[in-house]
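Have a look at the structure below, then the notes.
The values are calculated or read from the model by the stated rules, or taken from the named source; none is laboratory data. Because the structure is predicted, anything quoted here is derived from the model rather than measured. So basically every Cβ, Gly included, is an ideal-geometry build from the backbone, and we count neighbours across all protein chains shown.
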Amino acid sequence: MKQYISLLLFALLAPAFSFAQEYTSQEEDTYYRDRHYTPFKPVKKKVVANYHDDFFKFVEVDDYTPYNDTLYFTPYQDSIHRLGWEYWASDTVIVQYVGKIDKYQILKQEKKGNIEAFVYYAWQYENRSFGEPGIWVAYSEDNGESWSYYYTGIVDKQPLYVKWYSSHPLINEQGDLQIEACLLRQMSQFMHPGPGPSYQLVKDGLLLTLDLETLRKDSDGDGLTDIVEAKFRTDLNNADTDGDGVPDNLDMNPRFAPQRTEKTSVFEAIIDNEGLCRRWDDEDCEVPFTKMPESHYVDDNTATILIVTDDSSLQSIQPKSYRVIILTTEEYENESRCFKNDLDVMRITPLFKVDGEDDTYVVSESIGTGGTKYMVKKTPKGWKIVAISYWIS
């Protein structure tokens, strides 16, 4: 069966591959030759020990639950795992929710009077394939009838580890949340496939306070908290960072205003996976050169990704499938990135001219553990874009 599937895929993609096998591109060769790989190196203990959070305070306490690197699962997670593979493979899997959050994500939950709250993890603003989850807070002041959800900006174990087995009460006298934590040092890199990285304890006995005022603060009133804006690198004192008339919370590209070139539509088509040709001889699948896309806005289901590029054609994109946070290479390299706290990263190369061909280019896109290379050819009607190879790790 696998053999037949492979033959079918080859038959469908043969026209693309036959062209791809013949091309050369000096621009592409130079691009990859000049790229440098930086090997993983653990952050120095002193740097980890002196870590501070930009938004929340943590203090050393004498009464604490020691860090335990053998406790992988919360009690609820453990109960699910004990059901075994047969349960997960069956049709009887039941997902339990508190508010809109799967109980499997909840680290610690507590009720005090009318207040109910829990700390949970999610990958909404994190690198799903090569990173740890973010720490979030859910808070209710009406006995769980309605909930508010807040991102803390903390990425688990980078370097602050939040202990779900904390013995301190979650809700303090002021109604803010507190939970035990410690500082960890990442000792090996993220690999896929394979186990997660190993960590070393640097400092234990910390009590982290997540105050509601900071969690809710939105200095410019654009619907994004200051903590989220710090993650997105948008201006927390300007509701429209790029000045394009769309507030940051709705903008699909909040850091760069549209200044389109004819190549911008190529990048949008690839990111949105829309308007692409299956074969070179397909008719009427060209992507128009300069057509402005319909306006699309961020909603609750929009994923957020990071793109690092100096290409003005790519910086101007207005995609509809992702909210893109775009940084220049200089901005990205000048940031202090001691700890792994990036958004999901999409890597897109420039359009490399194919040697000896008129108006013909190759471009590659990857996100997570897979990617695609495309051949792009300019025709009188627009851009013809065909996938010529795929990879997955």
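For the reader, a short list of remarks on this structure follows.
- Within the range 280-315, the residues that satisfy the criterion of being assigned to a loop (DSSP other than H, G, I, E, B) and either within 16 Å of Leu327 (Cβ to Cβ) or aromatic (Phe, Trp, Tyr) (or both) are Trp280, Phe289, Tyr297, Thr309, Asp310, Asp311.
- Qualifying residue in the range 33-41 (condition: farther than 23 Å from Glu333 by Cβ and either of a type in the set (Val, Ile, Thr) or not assigned by TED's automatic domain parsing to the domain that holds Val363 (or both)): no
- Filtered residue count, the range 84-133, keeping only those that are over 20 Å from Thr302 (Cβ atoms), among the acidic types (Asp, Glu) and surrounded by fewer than 18 Cβ atoms within 10 Å (Cβ to Cβ): 3
- Assessment of the range 351-361 against the conditions (touching a residue at least 40 places away in the same chain (Cβ under 8 Å), more than 22 Å from Thr290 (Cβ to Cβ), within 18 Å of the chain's Cα centre (by Cα) and not assigned by TED's automatic domain parsing to the domain that holds Pro159) yields no matching residue.
- Single unsatisfied condition, Tyr149 versus (1) modelled with pLDDT of 95 or more; (2) in contact with a Ser or Thr (Cβ under 8 Å, 6 or more places away or on another chain): (2)
- Candidate set from the range 327-385 (those that are among the basic types (Lys, Arg) and in a loop (DSSP other than H, G, I, E, B)); member that is nearest to Ala269 (Cα to Cα): Lys381
- Residue selection: Thr74 fails the criterion of being assigned by TED's automatic domain parsing to the domain that holds Leu206 and out of contact with any helix residue (DSSP H, G or I) (no Cβ under 9 Å at 6 or more places or on another chain).
- Some residue of the range 134-149 being in contact with a helix residue (DSSP H, G or I) (Cβ under 7 Å, 6 or more places away or on another chain), within 27 Å of Thr302 (Cα to Cα) and polar (S, T, N, Q): no
- Looking across the range 62-86, the residues that are of a type in the set (A, V, I, L, M) and more than 15 Å from Glu180 (Cβ to Cβ) come down to Ile80, Leu83.
- Filter pass, Tyr87 being aromatic (Phe, Trp, Tyr) and closer than 19 Å to Tyr120 by Cα: no
- Which listed residue, of Tyr87, Tyr139, is modelled with pLDDT of 95 or more and of a type in the set (Ser, Thr, Tyr): Tyr139
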